[in-house]
Ligand code: ADP
Ligand code: MG
Ligand code: MG
């Protein structure tokens with residue numbers, strides 16, 4: 001087998017596209033060598049050796065040792081040195097490198113090959129004894145730390161004690177003799193603590209380091225990181241062994257990192273830092289303040305230390321040549337590591353640079369405009385989910401944070417406000433123009449008005465798909481959910497975290513992007529949708545096939561969504577209107593009504609309110625399709641629950657609290673999700689559906705009169721399991737439409753369709769499509785009913801399921817292709833067999849999840865519908881799915 005891949009001197013056995021085998025670092029070192037760039041020669045031991053290592057009781061393939069020896073000789077030849085030679089030693093670095101960059105793996109060991117003999121040779125050849133011993137002490141420190149498990153801080157303590165004794169403050173105060181002295185002390189400490197002398201044999205050092213890299217693949221840190229980032233264990237890591245170049249050889253040497261473009265703004269200018277007379281990670285370690293690379297950055301930062309452009313003009317010119325070449329070659333912004341040894345620049349790493357969403361947009365658009373990539377490439381360069389960062393205000397990254405607790409990052413954006421513990425209080429303070437954060441143990445549909453009135457929502461219970469999280473995302477409000485460290489005491493009006501107590505009225509900030517809860521008001525940065533955003537979204541729109549609609553219940557939602565490019569409303573949940581202001585009282589009257597007649601009386605009061613809502617929505621949507629769903633939740637959700645609330649409501653309604661309590665008890669269900677809801681309400685109380693249909697049609701007539709534009713009206717019946725249910729409700733709707741047409745002399749165009757959200761409806765789709773003119777897959781309910789898992793109760797075991805690998809992702813976040821997806825496919829196929837032009841969409845949380853959007857594209861849906869703030873994400877995901 002081939003277990004070693006060499007690089008250096010303008011050629012390499014590997015290439016950039018061999019990253020699976022060579023790891024990211026190894027593949028790119030090979031690529032740079034092939035490009036003729038100055039890369040210190042070396043070789044990569046591929047990931048296949050890591051796989052072998054774990055499959056064979058931590059042993060190596062038998063040819064490995066000989067292949068490594070040969071490669072070392074080759075590197076020695078290229079550098080004119082010899083590994084282990086006491087007079088002319090080759091020194092190397094040992095670097096780990098997985099396919100994906102992975103913190104948690106073994107740190108790099110530099111200067112390997114140094115021992116008591118070779119250090120003297122290094123001193124002699126360089127003519128700089130201080131440099132040689134500085135290198136040696138670095139090597140002992142790194143090797144002990146990562147290979148022998150003798151931690152860094154031991155050496156720091158020795159160094160501090162030494163400096164104190166000598167009256168030194170800076171490392172630069174130490175001269176060659178001091179380092180010689182310290183190296184002795186370091187070695188003594190290692191021998192004392194580990195029971196063995198520090199290894200002097202360079203080959204033993206090398207194999208120790210190689211073994212440490214492979215072993216670190218299975219350390220706890222790496223395993224945790226892999227779990228969090230879905231990196232398979234089977235990938236393994238590669239090991240890179242590379243000839244050392246020295247940035248610590250005095251004032252003409254340096255080490256640095258640079259990005260070909262600014263990673264936070266995307267500005268097309270070299271951006272980076274370097275340190276003179278330093279090695280390895282000194283730049284990022286923050287031991288000394290690094291210097292700017294370019295002169296313009298130095299001027300901007302006001303630093304009095306010279307830029308690399310001024311201090312090392314030749315190396316700077318070379319870096320400029322190389323970065324330009326690398327960016328052209330990789331056709332993307334690069335993140336590079338380099339070292340300058342006595343004026344000569346060496347490249348040590350390059351990779352696609354991490355960047356903010358804002359920078360990613362600018363870079364993609366500019367690369368396309370520069371002709372380096374085409375527009376479709378640009379569209380694929382942006383992670384759809386990352387757009388979320390751009391659409392909400394965020395905390396100023398430079399502000400000091402007093403984090404009091406951390407929960408789940410349930411809905412992005414950040415907000416500050418006074419703590420309130422009830423939704424009514426939130427609404428009241430909001431009406432007075434105050435900004436509030438609603439803090440609840442959990443929320444329910446009764447909190448909608450409070451959530452609307454708040455800047456953000458904090459709950460101590462519930463997961464990423466809890467009521468609070470879903471509704472907040474829908475509203476585009478920040479939410480931190482499941483913040484279990486906080487104890488809320490509604491009675492006292494306090495919340496406690498450890499020993500800290502906050503009262504109602506105290507100001508806090510929540511960061512829904514990180515899950516942090518912070519004390520006090522934080523400075524915010526407002527989102528700005530730049531020209532780049534619009535440009536890129538325009539390119540995305542050119543290629544996507546799926547339409548993107550919005551789930552919008554209010555004019556505010558609808559306007560936001562139009563701004564974000566929504567092409568219609570895919571789901572308008574009429575019941576959300578029932579909670580607005582004082583309407584809930586009328587709704588309750590309707591529910592408490594003892595007979596049809598009094599129910600109709602209450603409905604008659606609701607009619608004008610619903611109609612007014614629809615008129616406004618239809619006007620905003622200007623002829624775009626609007627899907628209005630009839631009442632869906634169980635009536636019980638509209639009633640008060642606790643005794644105190646019941647009494648309060650009864651008083652306000654002038655009703656008998658006992659009767660209210662009785663009715664609430666009557667309506668209570670063991671399983672509301674599978675209970676008296678959806679079309680079942682319309683079938684038992686047709687007058688409710690009739691009122692809603694009338695409000696819809698009258699509003700359409702009114703809106704058409706005002707705008708002169710025909711409303712794209714779609715009336716949707718929820719939760720059907722049989723065609724008969726649908727037919728019954730549709731008959732009522734049609735009859736109402738005819739009545740309104742007659743009364744107003746209009747000729748309304750509309751369609752009646754259904755939600756497909758029960759497995760039976762998927763199976764019977766062929767039958768249902770005989771009557772239904774469109775389908776909208778309600779994948780939230782379809783997921784609940786397919787798995788038999790209630791979303792509201794899943795939090796207690798979903799985590800365990802994901803931990804144990806039963807679910808790789810939460811099926812309420814990303815559609816389960818295998819099961820739920822199969823039902824969707826069946827539904828689409830059977831539906832279209834009956835009615836070839838059947839319009840099919842999806843509404844619900846999945847509509848804004850990029851992986852689910854890709855699924856919807858694959859199965860040929862016409863549109864996805866999602867919450868307003870996810871509309872751009874869905875547009876981009878739909879475009880990527882089409883490419
Ligand atoms: P990481 O994966 O953490 O970035 P690297 O393997 O890139 O670790 O090593 C960190 C740093 O060590 C590099 O940026 C470089 O400064 C230094 N380094 C690694 N190999 C060499 C070498 N052969 N010569 C000089 N410096 C090196
Ligand atoms: Mg690196
Ligand atoms: Mg539903």
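List of remarks:
- Inclusion of residue 318 among residues that are in contact with a strand residue (DSSP E or B) (Cβ under 6 Å, 6 or more places away or on another chain), more than 16 Å from ligand 2 (Cβ to nearest atom) and either under 23 Å from residue 8 (Cβ atoms) or in contact (Cβ under 8 Å) with a residue 60 or more places away in the chain (or both) is warranted.
- Number of the exception - residue 260 against (1) farther than 30 Å from residue 4 by Cα; (2) touching a residue at least 12 places away in the same chain (Cβ under 8 Å); (3) more than 34 Å from the chain's Cα centre (by Cα): (3)
- Scope region 575-590; condition surrounded by fewer than 19 Cβ atoms within 10 Å (Cβ to Cβ) and assigned to a loop (DSSP other than H, G, I, E, B); matching residues: 580, 581, 582
- Test for residue 94: is it within 14 Å of ligand 1 (Cβ to nearest atom), surrounded by 19 or more Cβ atoms within 10 Å (Cβ to Cβ) and assigned to a strand (DSSP E or B): yes
- In region 709-726, residue farthest from ligand 3 (Cβ to nearest atom) [restricted to those that are surrounded by fewer than 22 Cβ atoms within 10 Å (Cβ to Cβ) and within 43 Å of the chain's Cα centre (by Cα)]: 709
- If you go through region 374-417 and pick out every residue that is surrounded by fewer than 20 Cβ atoms within 10 Å (Cβ to Cβ) and more than 30 Å from residue 506 (Cα to Cα), you end up with 8.
- Residues located in region 654-672, provided they are touching a residue at least 24 places away in the same chain (Cβ under 8 Å) and either buried (at least 16 other Cβ atoms within 10 Å of the Cβ) or within 16 Å of ligand 2 (Cβ to nearest atom) (or both): 655, 660, 663, 664, 667, 672
- Residues of region 472-519 satisfying the condition of being without any contact (Cβ under 8 Å) to a residue 40 or more places away in the chain and at positive phi: 498
- Residues of region 849-863 satisfying the condition of being in contact (Cβ under 8 Å) with a residue 40 or more places away in the chain and either surrounded by 22 or more Cβ atoms within 10 Å (Cβ to Cβ) or within 16 Å of ligand 3 (Cβ to nearest atom) (or both): 852, 853, 855, 856, 861, 863
- Every condition in (1) at pLDDT 95 or above; (2) in contact with a helix residue (DSSP H, G or I) (Cβ under 8 Å, 6 or more places away or on another chain); (3) more than 30 Å from residue 859 (Cα to Cα) holds for residue 540 except the one numbered (3).
- Qualifying residues in region 465-513 (those that are surrounded by fewer than 16 Cβ atoms within 10 Å (Cβ to Cβ) and under 19 Å from residue 443 (Cβ atoms)) - the one modelled with the lowest pLDDT: 484
- Residue 644 fulfils the conditions (1) in contact with a helix residue (DSSP H, G or I) (Cβ under 6 Å, 6 or more places away or on another chain); (2) in a helix (DSSP H, G or I) except for a single criterion, (1).
- Of the candidates 812, 777, the single residue that is within 15 Å of ligand 3 (Cβ to nearest atom), out of contact with any strand residue (DSSP E or B) (no Cβ under 9 Å at 6 or more places or on another chain) and under 25 Å from residue 677 (Cα atoms) is 812.
- Filtered residues of region 298-315 (kept if within 18 Å of residue 344 (Cα to Cα) and out of contact with any strand residue (DSSP E or B) (no Cβ under 6 Å at 6 or more places or on another chain)): 309, 310, 311, 312, 313, 314
- Residue selected from region 348-388 under the condition in a loop (DSSP other than H, G, I, E, B) and either within 18 Å of the chain's Cα centre (by Cα) or within 30 Å of residue 476 (Cβ to Cβ) (or both), by the criterion modelled with the lowest pLDDT: 356
- When we screen 110, 114 for residues that are within 16 Å of ligand 1 (Cβ to nearest atom), in a strand (DSSP E or B) and at pLDDT 95 or above, the only hit is 110.
- In region 326-335, the condition of being on the phi < 0 side of the Ramachandran plot, within 16 Å of ligand 1 (Cβ to nearest atom) and at pLDDT below 95 is met by at least one residue.
- Any chance residue 144 is surrounded by 18 or more Cβ atoms within 10 Å (Cβ to Cβ), assigned to a helix (DSSP H, G or I) and under 38 Å from the mean Cα position of the chain (by Cα): yes
- In region 333-347, residue farthest from ligand 3 (Cβ to nearest atom) [restricted to those that are within 30 Å of the chain's Cα centre (by Cα) and crowded, with 24+ Cβ neighbours inside 10 Å]: 336
- Filter result for the condition that a residue is within 16 Å of ligand 1 (Cβ to nearest atom) and closer than 20 Å to residue 378 by Cα, over 256, 352, 272, 343: 352
- Residues that are modelled with pLDDT under 95, in the same structural domain as residue 49 (by TED's automatic domain parsing) and in a helix (DSSP H, G or I) occur at least once in region 194-201.
- Odd one out for residue 866, checked against (1) surrounded by fewer than 20 Cβ atoms within 10 Å (Cβ to Cβ); (2) touching a helix residue (DSSP H, G or I) at 6+ places or on another chain (Cβ under 9 Å); (3) over 26 Å from residue 671 (Cβ atoms): (1)
- Matching residues, region 33-48, being crowded, with 24+ Cβ neighbours inside 10 Å and part of a helix (DSSP H, G or I): 33, 47
- Matching residues, region 516-545, being assigned to a loop (DSSP other than H, G, I, E, B), farther than 12 Å from residue 456 by Cβ and under 23 Å from the mean Cα position of the chain (by Cα): 523, 526, 527, 528, 529, 530, 544
- Count - residues of region 8-23 that are touching a strand residue (DSSP E or B) at 6+ places or on another chain (Cβ under 6 Å) and within 16 Å of ligand 2 (Cβ to nearest atom): 2
- Any hit, region 14-25, residues being in a loop (DSSP other than H, G, I, E, B) and either touching a residue at least 60 places away in the same chain (Cβ under 8 Å) or more than 16 Å from ligand 3 (Cβ to nearest atom) (or both): yes
- In region 825-833 there is no residue that is assigned by TED's automatic domain parsing to the domain that holds residue 852, without any contact (Cβ under 8 Å) to a residue 40 or more places away in the chain and more than 19 Å from residue 757 (Cβ to Cβ).
- Looking only at region 326-346, residues that are in a strand (DSSP E or B) and either more than 12 Å from ligand 2 (Cβ to nearest atom) or over 28 Å from residue 374 (Cβ atoms) (or both) come to 9 in all.
The values are calculated or read from the model by the stated rules, or taken from the named source; none is laboratory data. Just so it is clear, the structure is predicted and the values come from calculations on it, not from any experiment. Cβ atoms come from the backbone with ideal geometry, glycine included; neighbour counts cover every protein chain shown.
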